[in-house]
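Engineer: The structure is given below, and queries will be raised subsequently.
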Amino acid sequence: MKKQWTRAMLAISVSASLLGCTASQAASSAASAEETTETAAETETITTSDTSVPTAESISISETLENTADGEHVISESGTTGEYYNVKIVKSGEADGDEADFYGENSAVYAENSASLTISDAVIETNGTHANAVFSYGEGTKVTVKNSVITTSGNCSGGLMTTGGGTMIAENLNVHTTGNSSAAIRSDRGGGTVTVTGGSYTAEGKGSPAIYSTADITVNDAKLISTSAQGVVVEGQNSVTLNNVTLQADNNSKNSDKSDTYQAVMIYQSMSGDADEGLASFTMNGGTLTNVNGDIFFVTNTVAEINLNGASIVNEDADGIFLRAEAAGWGTDGSNGGQVTLTASAQEIDGDMIVDDVSSLNLILTNGSVFTGTINSDGEAGEVYVELSDGAKWVLTGDAYITSLTCDADSIDLNGYTLYVNGVAYTEGQASTGTAIEAVYSSAGGQGGMPDGQPPEMPGGENGEPPAKPDGENGEPPAKPE
């Protein structure tokens with residue numbers, strides 16, 4: 001039953017972008033319509049074997065709500081409480097730029113100003129450009145979506161969208177996006193808190209990971225699928241935590257030349273101003289990660305923590321590696337590497353690691369973890385510290401070059417290869433004590449731009465400084481234009 005239905009239209013236009021959703025990209029939507037249509041046709045074959053995930057046919061609809069006007073909403077709550085059950089929500093119409101990405105213009109379902117909005121047993125469909133399905137904006141705002149089906153087909157149209165410090169709670173959803181730059185679980189400037197439990201979340205377009213995080217996002221007992229972009233992207237001082245999640249990633253397309261590699265999980269800082277600079281975090285507790293193309297992890301232009309606890313991680317690409325920490329097209333040359341601490345407990349790691357000369361790695365293996373692979377097999381590069389404790393093992397698959405080592409006498413199986421520690425060959429069977437690397441984040445400056453997207457226009461046309469937020473303070477949730 002619908003308790004409140006209002007329509008609101010934002011009128012102010014600004015020029016920054018997220019996930020490559022610039023004005024020029026929005027204008028090119030028609031040019032990419034054929035590709036998007038083909039992708040949408042292909043995605044009809046993707047299903048989940050979990051019969052508890054809702055489908056459009058399984059939901060009883062008592063009312064259909066629709067809005068076709070550019071920039072408007074189907075459902076909007078501002079400082080109020082709304083509850084909607086057994087409704088079909090249909091949104092078409094267009095929008096462009098920051099009003100949509102930052103402030104929710106043209107989204108089907110929208111809440112702001114400390115509103116509390118609940119949607120349950122609903123079917124939500126959008127087919128416009130910049131037409132996010134469900135949007136939570138601003139501190140104190142809370143949106144809860146349960147047992148619903150969400151589909152978006154336009155470019156720059158995420159499934160769940162959170163900005164400005166909002167809160168999003170999702171339970172047992174079936175989310176499917178097919179447009180470019182349209183993550184299934186998405187956030188933008190100002191971030192917020194997102195908690196997802198159960199369900200299936202699929203993203204298919206270019207630049208469309210299953211999760212794009214400029215927020216603190218936790219996903220429990222769910223299935224995540226990406227068929228073109230990374231499975232997960234974390235930008236800046238934000239986090240993604242996966243608890244007993246199945247993640248399938250096939251990153252096989254690019255929109256820019258900022259990076260030459262493909263990966264399942266990317267952690268970076270774009271310098272666009274959409275995410276605070278600082279420690280980024282990715283945690284995986286249990287569950288499975290299957291990567292089809294390229295590497296498992298890629299870290300660039302930021303400090304990052306990766307925590308792995310008993311997860312099953314499989315790379316189907318025989319040429320892919322487990323971790324790549326190196327400079328790419330974001331930040332300033334010479335200071336834009338990845339500074340990584342990877343901590344693994346009861347974890348199997350199969351694959352090599354590369355750390356370039358402007359990057360660093362602390363690899364901490366504990367609680368019976370086993371690493372089968374090598375590090376910087378081509379020779380010395382960035383600083384690398386390896387620590388093995390509580391029965392952890394390292395089995396080399398090639399010569400390795402690191403700078404410091406802590407291990408017990410039986411922790412390392414050279415397997416016929418040579419491990420160089422600060423230029424000296426390690427003797428198998430010896431205990432060692434070393435020192436971890438202190439990773440310190442320093443603003444890298446340089447060019448902005450989201451992964452595989454177009455770089456945003458900097459103020460006054462100058463690259464190198466992040467654009468100011470509307471209140472002039474980077475890192476604070478943006479104020480919504482009046």
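The numbers here are math on the coordinates, done by the rules we state, and not lab data. Only a predicted model underlies this, so the values are computations on that prediction, with no experimental measurement involved. Neighbour counts are summed over all protein chains in view; Cβ atoms, including those assigned to glycine, are modelled from backbone coordinates with ideal geometry.
Engineer: Could you work out Rg/(2.2 N^0.38 Å) for the range 53-446, with Rg from alpha carbons only?
Structural biologist: Normalised by 2.2 N^0.38 Å, the Cα Rg of the range 53-446 equals 1.04.
Engineer: Name the shape class, rounded, prolate or oblate, that the alpha-carbon gyration tensor gives for the range 204-327, where a ≥ b ≥ c are the square roots of its eigenvalues, rounded holds for a/c under 1.5, and otherwise prolate holds if a/b is larger than b/c and oblate otherwise.
Structural biologist: rounded
Engineer: List the residues whose amide H sits under 5 Å from the amide H of Ser200, counting only those 5 or more places along or on another chain, with H placed 1.01 Å from N in the peptide plane.
Structural biologist: Leu173, Asn174, Val175, Lys223
Engineer: Shifting gears a bit: Going by a ≥ b ≥ c, the root eigenvalues of the Cα gyration tensor, does the range 290-366 fall in the rounded group (a/c under 1.5), the prolate group (a/b larger than b/c) or the oblate group?
Structural biologist: Since a/c reaches 1.5 but b/c is at least a/b, the shape of the range 290-366 is classed as oblate.
Engineer: Arranged from highest to lowest average of other beta-carbon atoms within 10 Å per residue, in what order do the peptides 414-424, 105-115 appear?
Structural biologist: By packing density, highest mean first, the sequence is 105-115, 414-424.
Engineer: Past 32 Å, Cα to Cα, is the threshold; run Lys91/Lys206; Lys146/Lys258; Lys223/Lys258; Lys206/Lys393; Lys91/Lys254; Lys88/Lys254 against it and keep the listed order.
Structural biologist: Lys146/Lys258; Lys206/Lys393; Lys88/Lys254
Engineer: When each pair of different Cα atoms in the range 355-441 is counted once in the 1/r mean, what is the Kirkwood radius in angstroms, to one decimal?
Structural biologist: Taking the inverse mean of 1/r over all distinct Cα pairs, the range 355-441 comes out at 12.8 Å.
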